[in-house]
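Here is the structure we will look at.
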Amino acid sequence: MRARPVSQATRLLKNAGPEARDCHNFMHWMSVVYRDVWERTTHIANEGRDAKETYFKQLLGMRSGVSDYFIGQPAGRFNGCWLEMKAAGATWSNVSDAQRDWLTKMGEVGFFPAVAYGYDHAVEIVTAYLRHPQYDLTRYWAGNAISAKRLRAGIEL
């Protein structure tokens, strides 16, 4: 399945919030820059429109706090990456306790857990994860909420 053309996506996302637009832009970027990795990346739809739908999804195995994206591409010592997207300007305090617990558990079993604050930060994190897994990536680790501009100064991508 291919990413939707940008013009069609623009119409669909017209009334969406900033996080949804960042998520779309991130996946479009992945489909262009890392096509093979994009094919092994999925968005986890772990939210329901109402209580009935949420309950039904929980019966099927949905878990509270699961990150927005799973990137099934091993890199360095990591088995894959769990990426939680937040709107630009958000902080670690905007990450729920359930999301923090999920990211912690995934880090403990060999995955790379990260929280991206906006599209630019998501691109930065994934680029560092895929291109430079030998570097110390703890600055990108979930909870180490440092702005993308400050991160750029510390690592040449």
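Each value in this text was obtained by applying a stated rule to the coordinates, not by laboratory testing. Quick caveat, the model's predicted, so the values are computed rather than measured. Positions of Cβ are generated from backbone atoms using ideal geometry, with glycine treated the same way; all protein chains shown enter the neighbour counts.
For the range 55-122, a Kirkwood hydrodynamic radius built from all Cα pairs, placed in the Stokes-Einstein relation at 25 °C and 0.890 mPa s, yields a translational diffusion coefficient of 193 µm²/s.
Each peptide in 34-41, 63-70 was scored by the mean count of other Cβ atoms within 10 Å over its residues; highest first, the order is 63-70, 34-41.
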